[in-house]
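Contents: one structure, followed by commentary.
The values are calculated or read from the model by the stated rules, or taken from the named source; none is laboratory data. Since this is a predicted model, take the numbers as computed values, not measurements. Because the Cβ atoms are built from the backbone with ideal geometry, glycine has one as well, and the counts that use them run over all protein chains shown. Surface accessibility is based on the protein's heavy atoms, side chains included, excluding ligands, DNA and RNA. Shrake-Rupley method; radii C 1.70, N 1.55, O 1.52, S 1.80 Å.
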Amino acid sequence: MLSEIYTRFTWTSLLGYGWDAIIICTLARKNPLHTPLAALFIAYLRTGASVMARYTDVTLEIVQITQGIIILLVVAEQFLSGTKHKIIAREAKAALKEEEGVA
């Protein structure tokens with residue numbers, strides 16, 4: 001009898017909420033105060049995509065490509081700012097060692 005209950009419901013597809021959460025967290029830069037804004041931005045993008053697909057010949061994939069480019073730019077900016085910080089810290093340490101050697 002229990003086996004009948006479990007065979008009635010089958011997963012047809014996954015919703016992908018985990019990937020959406022990763023995208024929103026990346027856009028919000030791990031700041032809880034920015035999370036609602038990032039979520040509204042993604043929702044606005046996707047809703048606009050479906051409206052645009054209905055009324056024009058533009059497909060939903062264009063918005064997915066745009067979303068990917070936005071994510072790529074945000075992640076690249078975060079990565080490069082961390083790298084820039086490391087370079088500045090390395091140069092500051094070298095300047096301090098140089099000053100200690102001169103003085």
- Residue check, Val58 outside any helix (DSSP H, G or I) and in contact with a helix residue (DSSP H, G or I) (Cβ under 9 Å, 6 or more places away or on another chain): yes
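So that you can scan it fast, the table gives a plain yes or no per residue for (1) at pLDDT 90 or above; (2) surrounded by 12 or more Cβ atoms within 10 Å (Cβ to Cβ):
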residue	(1), (2)
Leu40	yes, no
Ala43	yes, yes
Gly48	no, no
Ala53	no, yes
Ile62	no, yes
Ile65	yes, no
Val75	no, yes
Gln78	no, yes
Arg90	yes, no
- Just for the range 26-38: of the residues that are assigned to a helix (DSSP H, G or I) and open to solvent by 60 Å² or more (accessible area, probe 1.4 Å), which one is nearest to Thr66 (Cα to Cα)? Leu37
- Considering only the range 23-70, state which residues are within 13 Å of the chain's Cα centre (by Cα) and of a type outside the set (A, V, I, L, M). Cys25, Thr26, Arg29, Lys30, Asn31, His34, Thr35, Phe41, Gln64, Thr66, Gln67, Gly68
